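Everything on this sheet refers to the single structure shown next.
The values are calculated or read from the model by the stated rules, or taken from the named source; none is laboratory data. In this text the structure is predicted, and so the values were computed from the model without any measurement. Positions of Cβ are backbone-derived with ideal geometry, glycine not excepted, and every protein chain shown enters the neighbour counts. Calculation scope for accessible area: heavy atoms of the full protein, side chains included, ligands and nucleic acids excluded. Shrake-Rupley method; radii C 1.70, N 1.55, O 1.52, S 1.80 Å.
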Amino acid sequence: MAPGWIAAPLSGVVAGFTTRFGGGSAFPYDSLNLGLNVGDSPENVAANRAEVAAATRAPLRYMKQIHSAIAIELGSDEDGLAEPEADASITRSDAFALGVLVADCVPIILADAERSVVAVAHAGRAGIQLGIIGSCLAAMRTAGAESISAVVGPAICGRCYEVPEAMRDDVSRVTPAAYGHTREGTPALDLPAAAVAQLTAGGVSSVTALGICTYEDDRFYSHRRATHEGRSATGRFAGFIALER
Ligand SMILES: [Zn+2]
């Protein structure tokens, strides 16, 4: 079975989001887990990553994500196996794809295909608060991007992401669009809405939110859903983007 992924609506690039399907990992990582250090075997993860690279016709370069505001540019001359500590990566190279790993946090893929600059960003609660989106946009512009388009991928929605009230207050002070409540009326954060607001405020000319909730749509990994089902572990899916060769 080929690795599953949904295409992202961006022109001039190969971009999308992988699903849980078509990999070789067993429960609770079934089956296309791409995340290291989540309890799955490194051999399974390596095999799944190789399947995705074959399907997308580009080796993916992942990050060691640390919930920071660090955005870095990756050049074509670097060691393809190194995973930099960062939460956004940018490249002008068409030799590889950029990958971001998530299971509820917001994966964002960005491009100015005309100027050959692409990027991915990992925007969880901390990243939204710390400004990873602003860092990513600044790094893209340093690399020559002018007219940036962005796609906000599958992430836990504002109706499902219950948080303590003080946390909702803290995050919505930074970005009011983050303020939300669950179906039951308890405090929640709407991270996809916050991401859209920050992208728009940052001058991104076209923002598309897929509107897919990872908690509700079990094609994708969801850390919160796994926790509610009594499991502490789950896999990670990827947002990815590469310049067309
Ligand atoms: Zn939801």
Exercise. Counting only residues that are assigned to a loop (DSSP other than H, G, I, E, B) and aliphatic (A, V, I, L, M), which one in the range 3-20 is farthest from LEU243 (Cα to Cα)?
Worked result: ALA8
For this session: Consider ALA121 carefully, then state whether it is more than 16 Å from the ligand (Cβ to nearest atom), open to solvent by less than 10 Å² (accessible area, probe 1.4 Å) and in contact with an Asp or Glu (Cβ under 9 Å, 6 or more places away or on another chain).
Result: yes
For this session: From THR208, THR234, grab the single residue that is buried (at least 22 other Cβ atoms within 10 Å of the Cβ) and outside any helix (DSSP H, G or I).
Result: THR234
For this session: Look at GLY75 and say whether it is free of Cβ contacts under 8 Å to residues at least 60 places away in the same chain and assigned to a loop (DSSP other than H, G, I, E, B).
Result: yes
Exercise. Would the range 162-171 turn up any residue that is among the hydrophobic types (A, V, I, L, M, F, W, C) and within 15 Å of the ligand (Cβ to nearest atom)?
Worked result: yes
For this session: Mind counting the residues in the range 21-61 that are within 14 Å of THR234 (Cβ to Cβ), in a loop (DSSP other than H, G, I, E, B) and open to solvent by less than 40 Å² (accessible area, probe 1.4 Å)?
Result: 11
Problem set entry | Matching option when the condition is more than 16 Å from the ligand (Cβ to nearest atom), open to solvent by 10 Å² or more (accessible area, probe 1.4 Å), on the phi > 0 side of the Ramachandran plot and in contact (Cβ under 8 Å) with a residue 12 or more places away in the chain, among GLY144, GLY134 | GLY144
